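Report on the structure given below.
The values are calculated or read from the model by the stated rules, or taken from the named source; none is laboratory data. If you're wondering where the values come from, they're calculated on a predicted model, not measured in any experiment. Here the Cβ positions follow ideal geometry from the backbone for every residue, glycine too, while neighbour counts run over all protein chains shown.
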Amino acid sequence: MEQRAEGESIRVASEELSQEFKTLMNNDDLNSLNHLQHLILGRLQDSNAVLSHFNEFSEHCFAAVSGDLSRNTRLLNSMKSDLDYIFQKIRSMKSRILATYPDAFPDESTSEALDRRPDLEIPR
């Protein structure tokens, strides 16, 4: 019996509290808030659909390009190692020529005047 009376008092108190909350807010304001929330929900769902479509498109494009990208990366690495080998050979040939013919190449001051190409190994 006591539990029933306690449950009834809780129900009455919650009804009174809900009535008080209803008087705090205008029904039109609640309806406009509800409408705005539905508009925002629709926009968010549209944005989510667009982003999902874009992600699928990006994944498809990456799959189409990734083979070319990896092949070109391997090609560039191979070209770099070939060029490193060539420049190493040129440096060794130049040092042999300098050992045999000391006047074959101009000294540093005149070589800078002749060679105005940027040094690509020094980052700017």
Matching residues in the stretch 41-75 - criterion: being under 24 Å from the mean Cα position of the chain (by Cα) and under 30 Å from Leu120 (Cα atoms): Val65, Ser66, Gly67, Asp68, Leu69, Ser70, Arg71, Asn72, Thr73, Arg74
Quick check: anything in the stretch 21-31 of a type in the set (S, T, N, Q), surrounded by fewer than 10 Cβ atoms within 10 Å (Cβ to Cβ) and in a helix (DSSP H, G or I)? yes
Confirm whether Phe105 is among the aromatic types (Phe, Trp, Tyr), surrounded by 10 or more Cβ atoms within 10 Å (Cβ to Cβ) and modelled with pLDDT of 95 or more. no
